[in-house]
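Novice: Handing you a structure now.
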Amino acid sequence: MSGNKESERQNPPKKSMDDLLERDKLNIRLNRINHKILVFSGKGGVGKSTVAVNLAAGLAKEGFKVGLLDIDIHGPSIPKLLNIENHKFSFKDETIQPINVSENLKAVSIGFLLEDNQTAVIWRGPRKMGVIKQFIKDVEWGDLDYLIVDSPPGTGDEPLTICQLIPDADGAIIVTTPQDLAIVDVQKAITFCKQLNMKILGVIENMSGFTCPNCGKVFNILKSGGGIDMANEMDVPFLGRIPIDPDIVISGDEGKPFTGLETTTPSAQAFKTIIDSILNFAKQNALHNVSIINKGENPMKIAIPLANGKLSMHFGHCEEFALIDVDENTKFIKGKTILTAPPHEPGLLPAWLADNGANVIVAGGMGSRAQGLFAEKNIKVVIGVREGTPEDIVSAYLNNMLSAGDNICDH
């Protein structure tokens, strides 16, 4: 048995074309999202969903485009916390349309598929994993500055699935309450992230003290300081304490995020500090990404001539071009742009595609004169391909599975 496992590690099973296409669709969605933040906790009842909603709403209030993904399949809280319980998904061109909460905030939850809020979801792991994958791959998120993912408590199927689907997430925020009972379980969430090489952005100690509105005295109803002690012990950042605040409870019940209210209470200030920390993380990541680009990274961009959304048999007769950005090392599709083809004048298309960054073109047929012009622009030509969507063709090309026959034409 151990010999078989060693063999699998050295010679992993080949992925099917369906697996590759599915991964490419995931990458296309995810590459339109600048920052992905996962909200975890090892313990239920610590206010994790409330924190996730208020972080998302706070970022949206700052003017950022934000998506909020609820992957708590058995106990979805996001619809209630945003007062959108009666909303249902709509579908367009085989994609799921997220619920628009406000101009800058979109949400997705299993709750939008249930008959009512009393319906129980009784699913095993594989089905839950499939739905979570759909919520990324098939949802038309569009361009987002932030995706906040609200995960159920624990270290089971849902957190594991989202870490595997978004391995390049900015990191996880861990929510706890101060008492020892919560700390013990939340430590497991931190260990979980470390074992999966998921960066931990920091710990939030929720329900940390209560300030009496009459006398101003602070009462540590659930103790205080357990979160920061745990963060120090486990060598992870501490983002701050959020005091118990009746307005947070009221706003949650009314479906109006607390961070959307105009208030300067200690709880509001705590959320602002945490959101500022998130923005600072994002700024640091942006500077890091720029430094990588400046090191001379030369991404591959593949041009596909299209007619009715599929490969045009002759590049000179196409209606538009798909330009596919790919990571040559990982063989993942990073993004897709559709451009209307310019007038089909002699010699124009090679120069136009070169100006748009293309370094490979795949076509059904192409004349020898055109092939020479593409070669002058350092664009590799692949001809003799018969059919397929841009994603199918590119995935096959990257994985040496593209079936290319004879040149369809030579004029």
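Novice: Under a point-charge model restricted to the Cβ atoms of Lys and Arg (+1) and Asp and Glu (-1), what is the dipole moment magnitude of the range 28-292 relative to its Cα centre, in debye to the nearest 20?
Specialist: 340 debye
Novice: Would you please give the FRET efficiency between L196 and H344, computed as 1/(1 + (r/R0)^6) with r the Cβ-Cβ distance and R0 = 51 Å, to the nearest 0.05?
Specialist: Taking R0 as 51 Å, the efficiency between L196 and H344 is 0.50.
Novice: GNM, the chain, Cα, under 10 Å: largest mean-square fluctuation among V382, V394, V139?
Specialist: Ranking V382, V394, V139 by mean-square fluctuation puts V382 first.
Novice: How large is log10 of I(q)/I(0) for the range 300-398 at q = 0.16, 0.20 Å⁻¹ when the intensity is taken from the Debye formula with one equal scatterer per alpha-carbon?
Specialist: Results for the range 300-398 at q = 0.16, 0.20 Å⁻¹ read -0.58, -0.93.
Novice: Divide the volume of the convex hull of the Cα atoms of the chain by its number of residues and quote the answer in cubic angstrom per residue.
Specialist: 177 Å³
Novice: Which residue fluctuates most in the GNM of the chain (Cα springs below 10 Å): T265, T176, T155?
Specialist: Comparing T265, T176, T155 in a Gaussian network model of the chain, the most mobile one is T265.
Novice: For the cross-link pairs K92/K301; K256/K336; K92/K199; K43/K334; K25/K272; K133/K188, which exceed 32 Å when the distance is taken from alpha carbon to alpha carbon?
Specialist: Too far apart for the 32 Å limit: K256/K336; K92/K199; K43/K334; K25/K272.
No lab work stands behind these numbers, since they all come straight from the coordinates. Since we're looking at a predicted model, the values are computed, not measured. FYI the Cβ positions are ideal-geometry reconstructions off the backbone, even for glycines, and counts take in every protein chain you see.
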